[in-house]
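Visitor: My questions all concern the structure below.
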Amino acid sequence: MESLRFLTPEIAQKVGEAYTLPAYVYDWATLEQRATAALAFPNAFGLTVRYAMKASPNGAILRIFAALGLHFDASSGYEVRRAIAAGIAPERISLSSQELPEDFRELYASGIRFNACSLSQLAAFGRWFPGHRCGVRFNPGLGSGGTGKTNVGGPHSSFGIWHEWADEVASIAAQYGIQIVRVHTHIGSGSDPQVWARVAGMSLDLVRRFEQVETLNLGGGYKVGRMRDEVSTDLARIGEPVKAAFEHLAEETGRRIHLEIEPGTYLVANAASLVTRIQDIVATGGPDGVTFLKLNAGMTEILRPSLYAAQHPIVVLPKNNAGKTKEYIVVGHCCESGDILTPDPSDAETLLPRRLAEAEQGDLCVIEGVGAYCSGMTAKNYNSFPEAAEVLLNKAGKLQLIRKRQTLEQMLQNEIPIQL
Ligand SMILES: *Cc1c(COP(=O)(O)O)cnc(C)c1O
């Protein structure tokens with residue numbers, strides 16, 4: 001059975017008393033510890049760590065990371081605006097987006113860095129800013145990901161410019177006098193060190209191809225175990241061969257390439273917990289009968305189990321702890337059969353009972369590992385449930401609200417009534 005990470009039953013209880021549940025709780029100490037570990041990534045000629053802010057974009061988290069020296073990766077123009085609103089200097093923000101923002105020219109003029117993620121983006125950049133410096137995101141032709149949906153390299157991924165189109169990149173750059181100063185690859189959220197070493201090698205080949213490149217950004221995708229038995233990426237282990245490859249390139253060509261990495265998951269995955277309450281317990285009968293724990297949260301706060309069959313630790317905090325356990329299927333509060341917290345890891349559509357502390361209606365239940373791609377990636381407002389509050393557990397052990405729970409008025413504010 002899984003146990004609490006940074007919370008204690010007493011602090012979880014306090015969260016339930018001080019705020020309407022469900023509520024996310026982020027741990028400041030864990031955020032700092034992960035940022036420090038990422039900043040120790042092996043490198044030969046300098047390192048920039050960018051936080052991929054789509055993992056969890058709350059301004060409080062951005063500020064904590066900025067104070068520790070992190071830079072930022074934005075996935076849309078809105079994320080750029082959000083980072084600037086949190087006080088992040090535009091020079092520290094890099095945009096790699098699937099969709100070029102409507103206000104791109106204004107954003108770029110404010111000082112942000114840009115990676116063209118398709119040939120058409122590169123040409124648009126060239127037309128608007130001839131002679132400027134920019135980065136190019138390539139799809140190096142292979143990827144690594146926990147599932148088909150999290151694998152963002154290879155022929156079946158739309159992200160980045162296919163590595164064999166380097167000549168087209170060069171000709172667009174020549175046409176507009178653009179200097180390609182950064183090569184970017186991001187292959188997805190896996191942890192295979194061999195795939196990493198190969199992608200770094202292939203990325204360095206692209207660096208050789210473009211002589212003005214000063215920086216190689218290897219993206220994110222460092223797998224983090226959320227469940228106790230899942231493996232986590234050892235940054236030193238995957239980083240050492242990458243460092244050696246940079247040194248080798250320098251010996252051969254004299255080019256001292258700066259390294260950028262861009263983790264999202266690595267920095268925040270285990271830095272947050274979702275505190276929920278068990279609002280009902282129901283059972284079905286017959287030989288296949290099971291018992292369901294119904295939480296007052298679900299895909300409106302954590303979508304990953306429904307989307308990827310992702311496994312998250314679930315910890316019941318029983319009021320009457322008799323040490324007894326029981327198998328449960330844990331489900332969310334939405335009227336939607338896909339709103340499940342205990343999918344079979346090999347099949348998102350099948351439910352897999354999990355052994356938990358025996359629960360009573362009203363007990364607290366904590367879902368761990370919800371720092372990345374939870375609060376920022378939900379089935380928000382489905383069934384008209386309001387967006388949950390976000391709370392920070394600061395280093396003095398005090399709880400601090402960093403996002404209020406949404407109100408019904410806020411949910412309705414953009415609707416326009418009709419006259420009948
Ligand atoms: C999502 C993303 C990341 C972060 O990926 P993780 O798997 O969370 O580390 C980094 N770079 C880019 C371009 C991304 O889109």
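Visitor: Name the pairs whose Cβ atoms lie under 6 Å apart, with the first residue in the stretch 178-190 and under 11 Å from residue 139 (Cα atoms), the second part of a loop (DSSP other than H, G, I, E, B) and modelled with pLDDT of 95 or more, and 6 or more positions between them or separate chains?
Guide: 183/213
Visitor: Looking at (1) away from the ligand (no atom under 16 Å from the Cβ); (2) open to solvent by 40 Å² or more (accessible area, probe 1.4 Å); (3) assigned to a loop (DSSP other than H, G, I, E, B), can you tell me which one residue 223 breaks?
Guide: Looking at each condition in turn, residue 223 falls short on (1).
Visitor: Scanning the stretch 171-194 for residues that are within 16 Å of the ligand (Cβ to nearest atom) and open to solvent by 20 Å² or more (accessible area, probe 1.4 Å), which turns out nearest to residue 265 (Cα to Cα)?
Guide: Looking at residues that are within 16 Å of the ligand (Cβ to nearest atom) and open to solvent by 20 Å² or more (accessible area, probe 1.4 Å), I get 189.
Visitor: Also: Can you list the strands (runs of 3 or more DSSP E) found entirely within the stretch 340-384 that contain at least 2 residues being in contact (Cβ under 8 Å) with a residue 60 or more places away in the chain and closer than 21 Å to residue 228 by Cβ?
Guide: Hits in the stretch 340-384: 354-357, 364-368.
Visitor: With respect to residue 237, is the statement that it is among the charged types (D, E, K, R), in contact (Cβ under 8 Å) with a residue 40 or more places away in the chain and part of a loop (DSSP other than H, G, I, E, B) true?
Guide: No, not satisfied.
Visitor: Output the number of residues of the stretch 167-182 satisfying the condition of being in contact with a helix residue (DSSP H, G or I) (Cβ under 8 Å, 6 or more places away or on another chain) and in a strand (DSSP E or B).
Guide: Final tally of qualifying residues: 2.
Visitor: If I go through the stretch 30-68 residue by residue, how many of them are small (Gly, Ala, Ser) and open to solvent by 50 Å² or more (accessible area, probe 1.4 Å)?
Guide: 2
Visitor: Let me ask you something else. From 215, 253, 265, which residue is surrounded by fewer than 20 Cβ atoms within 10 Å (Cβ to Cβ), within 15 Å of the ligand (Cβ to nearest atom) and β-branched (Val, Ile, Thr)?
Guide: 215
Visitor: Further, regarding this structure: How do the helices (runs of 4 or more DSSP H) wholly within the stretch 1-98 filter down when requiring 2 or more residues that are modelled with pLDDT of 95 or more, touching a helix residue (DSSP H, G or I) at 6+ places or on another chain (Cβ under 9 Å) and of a type in the set (Gly, Ala, Ser): which remain?
Guide: In the stretch 1-98, the matching helices (runs of 4 or more DSSP H) lie at 28-39, 59-67, 77-85.
Visitor: If the requirement is being at pLDDT 95 or above and either surrounded by 18 or more Cβ atoms within 10 Å (Cβ to Cβ) or within 16 Å of the ligand (Cβ to nearest atom) (or both), which of these qualifies: 364, 307?
Guide: Being at pLDDT 95 or above and either surrounded by 18 or more Cβ atoms within 10 Å (Cβ to Cβ) or within 16 Å of the ligand (Cβ to nearest atom) (or both) holds for just one of 364, 307, which is 364.
The values are calculated or read from the model by the stated rules, or taken from the named source; none is laboratory data. Computed from a predicted model, the values in this text were never measured in an experiment. Quick reminder, even Gly has a Cβ in these numbers, built from the backbone with ideal geometry, and neighbours come from all protein chains shown. When the accessible area is computed, the model is the full protein with side chains, heavy atoms only, and any ligands, DNA or RNA have been set aside. Shrake-Rupley method; radii C 1.70, N 1.55, O 1.52, S 1.80 Å.
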